[in-house]
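Peer 1: Okay, here's the structure, questions in a sec.
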Amino acid sequence: WMIVGEAVVFVISLVLGVYFINRGYNKEMVASQQSRNFLLSITHELKSPIASIRLVLETLLRRELPKEKTTQLQSNALKETERLNTLVNNLLFSAKLESSYQAHKEPLDLHELLEEIIHKLSDKYPDAQFSFEQEDELPYFQGDKMGMISVALNLLENAVKYSGNESKAHIETHLGMNNAEQIKIEIKDQGLGIPEKEKKQIFQKFYRVGSEDTRTTKGTGLGLYIVDQIVRAHAGRINVYDNEPKGTVFEILLPVGQN
Ligand code: ADP
């Protein structure tokens with residue numbers, strides 16, 4: 001029996017050993033594949049706005065153009081600059097999250113903050129439609145302004161980005177109870193939707209649905225990672241559901257007065 005016992009222990013250790021080595025190896029493989037994907041998308045994300053801005057500047061320097069055409073080119077260059085800005089902000093934020101993110105909390109009027117972002121995005125995406133249903137009396141929320149702006153901007157921009165040409169984003173705020181008072185913000189779209197099995201993964205750093213070949217929308221896979229981390233830093237939660245009849249709902253739950 002001693003021998004059988006030892007053999008069993010040996011086999012179990014062997015299986016566990018192989019399992020853990022394999023797991024570590026797989027993790028490394030996944031991590032290096034992810035950082036390769038990241039480098040590819042970041043390079044692409046940086047190159048294309050730089051190329052557009054350069055083209056605009058070269059054209060404006062080289063030729064006298066009618067005023068209308070000049071304005072249009074300038075506005076294109078401005079949009080591309082915005083894209084670069086969002087990208088750099090996301091990169092900075094994710095670096096900060098990994099080293100020393102501390103939410104600098106102050107009382108925030110979330111309605112005002114959301115309205116500002118809708119206004120900004122309406123300029124950037126003139127074809128998109130935004131609707132906003134507000135809770136009658138939403139209390140001030142103790143939050144980090146830059147962080148909450150980043151949360152709302154990333155979620156609302158995704159709602160537009162992943163909805164094709166006629167994108168509609170709907171925002172709702174509610175006040176509810178879950179032990180203490182909590183604010184619920186819902187961001188709904190009628191776009192592509194997110195397959196059930198990928199709903200958890202989308203919050204991982206660099207994760208993007210689909211493959212490099214099938215994707216048409218630009219991005220880095222950093223947005224939802226940042227959103228999730230910031231919401232957690234406010235003792236909140238984020239959930240994702242299917243919208244009816246189609247599209248996606250992101251639900252953010254933020255405790256009031258606890259943080
Ligand atoms: P990015 O948009 O830069 O790719 P995110 O972290 O913001 O990165 O999103 C991760 C992935 O989740 C996206 O690539 C996309 O596939 C999916 N996704 C996010 N928001 C939506 C949405 N509203 N509708 C459909 N898919 C979405």
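The values are calculated or read from the model by the stated rules, or taken from the named source; none is laboratory data. Fair warning: this is a prediction, and the values are worked out from it, not measured in the lab. No Cβ is skipped: glycine too gets one built from the backbone with ideal geometry, and neighbour counts run over all protein chains shown. Just the protein is used for accessible areas: all its heavy atoms, side chains included, with ligands, DNA and RNA removed. Shrake-Rupley method; radii C 1.70, N 1.55, O 1.52, S 1.80 Å.
Peer 1: Provide the gained length on full extension for the span His111 to Glu166, in nm with one decimal, where the gain is 0.36 nm per separating residue minus the Cα-Cα distance.
Peer 2: Difference between extended and current length: 17.3 nm.
Peer 1: To continue, here is another question. Using the Karplus curve 6.51 cos²θ - 1.76 cosθ + 1.60 with θ = phi - 60°, what ³J(HN,Hα) values do you get for each residue of the range 218-223, in whole Hz, with x for Gly and Pro?
Peer 2: Result, ordered by residue: 7, x, 10, x, 9, x Hz.
Peer 1: Just in the range 150-259: which chymotrypsin sites (Phe, Trp or Tyr not before Pro) are loop by DSSP and have at most 11 other Cβ atoms within 10 Å?
Peer 2: Passing sites in the range 150-259 do not exist.
Peer 1: May I ask you to derive the relative contact order of the chain, considering only C-alpha pairs under 8 Å and at least 6 residues apart, and to give it as an integer percent? Could the numbers behind the result be given before it?
Peer 2: Values: 329 pairs, mean separation 45.2, N = 259.
Relative CO of the chain lands at 17 percent.
Peer 1: Given a 1.4 Å probe, how much area per residue of the chain is accessible, in Å²?
Peer 2: Averaged over the residues of the chain, the accessible area is 63 Å².
Peer 1: I would also like to ask the following. Taking a ≥ b ≥ c as the square roots of the Cα gyration tensor eigenvalues, with a/c under 1.5 meaning rounded and otherwise prolate when a/b beats b/c, else oblate, which class fits the range 86-168?
Peer 2: It is oblate, given that a/c is not under 1.5 and a/b is not larger than b/c.
Peer 1: Got a sec to turn the phi values of the range 35-52 into Karplus ³J(HN,Hα) couplings, 6.51 cos²θ - 1.76 cosθ + 1.60 with θ = phi - 60°, whole Hz, x for Gly and Pro?
Peer 2: Calculated HN-Hα couplings, in order: 6, 5, 4, 4, 4, 4, 6, 5, 5, 5, 4, 7, 5, 5, x, 4, 4, 5 Hz.
Peer 1: Would you kindly calculate the translational diffusion coefficient of the chain, applying Stokes-Einstein with the Kirkwood radius from alpha carbon pairs, for 20 °C and a viscosity of 1.002 mPa s, and quote it in µm² s⁻¹ without decimals?
Peer 2: 102
Peer 1: Using a 1.4 Å probe over the heavy atoms of the protein chains, calculate the carbon and sulfur portion of the accessible area of the chain as a whole percent.
Peer 2: Details: 9060 of 16260 Å².
C and S fraction of accessible area: 56 percent.
Peer 1: What's the center-to-center distance, using Cα atoms, between the range 32-83 and the range 96-141 in Å?
Peer 2: Using only Cα atoms to place each centre, the spacing works out to 27 Å.
Peer 1: Calculate the spin-label point distance for Leu92 paired with Thr71, positioning each point 7 Å from the Cα along the beta-carbon direction, and give it in nanometres.
Peer 2: In this crude label model, Thr71 to Leu92 measures out at 3.1 nm.
Peer 1: Still on this structure, please answer the following. Just to check I understand the Karplus step: with θ = phi - 60° and J = 6.51 cos²θ - 1.76 cosθ + 1.60, what whole-Hz values come out for the range 75-91, glycine and proline as x?
Peer 2: 5, 4, 4, 5, 4, 5, 5, 4, 4, 4, 4, 4, 4, 5, 4, 4, 5
Peer 1: Enumerate the amide H contacts of Gln142 below 5 Å, restricted to partners 5 or more residues apart or on another chain; note that Pro and chain-start residues carry no placed amide H.
Peer 2: HN-HN under 5 Å from Gln142: Leu108, Gly257.
Peer 1: Ordering Glu137, Glu198 from largest to smallest accessible area (1.4 angstrom probe), what's the sequence?
Peer 2: Sorted by accessible area, descending: Glu137, Glu198.
Peer 1: Which aspartates and glutamates have a Cα less than 19 Å from the Cα of Lys199, not counting those fewer than 8 places away in the same chain?
Peer 2: Glu157, Glu186, Asp189, Glu212, Asp228, Asp242, Glu244, Glu251
Peer 1: May I ask you to list the lysines whose Cα is less than 21 Å away from that of Lys205, ignoring any residue fewer than eight positions away on the same chain?
Peer 2: Partners within reach: Lys27, Lys96, Lys161, Lys197, Lys218.
Peer 1: Run the numbers for Tyr241 and Ala51: contour at 0.36 nm per residue of separation, minus the present Cα-Cα distance, in nm.
Peer 2: 64.7 nm
Peer 1: Where a ≥ b ≥ c are the square roots of the eigenvalues of the C-alpha gyration tensor, would you call the range 72-223 rounded, which needs a/c under 1.5, or, failing that, prolate if a/b is larger than b/c, or oblate? Please report the intermediate quantities before stating the final value.
Peer 2: Numbers: a/c = 1.36, a/b = 1.30, b/c = 1.05.
Judged from the Cα gyration tensor, the range 72-223 comes out rounded (a/c under 1.5).
Peer 1: Sticking with this structure for a sec: In nm, what is the difference between 0.36 nm times the number of residues separating Ser32 and Gln204 and their Cα-Cα distance?
Peer 2: Between Ser32 and Gln204, full extension yields 60.5 nm more.
Peer 1: With both partners inside the chain, how many of the DSSP beta bridges are antiparallel, as a percent to the nearest 5?
Peer 2: Given both bridge residues lie in the chain, the antiparallel proportion sits at roughly 85 percent.
Peer 1: Can you bin the range 42-113 into rounded, prolate or oblate? Criterion: square roots of the alpha carbon gyration tensor eigenvalues sorted a ≥ b ≥ c, rounded for a/c under 1.5, prolate for a/b above b/c, oblate for the rest.
Peer 2: Taking the square roots of the gyration eigenvalues as a ≥ b ≥ c, the range 42-113 is oblate.
Peer 1: For Gln129, enumerate residues with amide H under 5 Å from its amide H, sequence gap 5+ or separate chain, H modeled in the peptide plane.
Peer 2: Residues meeting the amide H criterion: Ser167, Lys168, Ala169.
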